[in-house]
């Protein structure tokens, strides 16, 4: 039970920090820009975390706090979906969706590549099994 409580505390602590960081970003960049920035930055960091885990350079406690806790609260799919639906025109809605997905995938790939280069590790990053 002690291990479960520790896991919950790590995820909750990371989630608290991620939610506050997301709020600060929303204040600095309101509307679509803040959501895009959160999702792209979160995808980049998660890519780097997954590569770092695959290289054996990041322990499970940090991974839980950062990937499952912080990044899950920092990134924001639900806000992205609602903002897209309320964008005002079909062109803006489609543009926002395409931009979020294109930049998100590119950022995740860049995070993986950069972390692998820094760590000197070319292994399979899919072992991270993270989602945010």
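The values are calculated or read from the model by the stated rules, or taken from the named source; none is laboratory data. Predicted model, so just to flag it, every value in this text is computed and none were measured. We place every Cβ from the backbone using ideal geometry, glycine too, and count neighbours over all the protein chains shown.
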Restricting the range 47-102 to residues that are in a loop (DSSP other than H, G, I, E, B) and within 14 Å of residue 36 (Cβ to Cβ), the residue that is modelled with the highest pLDDT: 75
Every residue from the range 58-99 that is more than 27 Å from residue 13 (Cα to Cα) and in contact (Cβ under 8 Å) with a residue 40 or more places away in the chain: 83, 87, 96, 99
Scope the range 36-71; condition surrounded by fewer than 20 Cβ atoms within 10 Å (Cβ to Cβ) and under 8 Å from the mean Cα position of the chain (by Cα); matching residues: 41
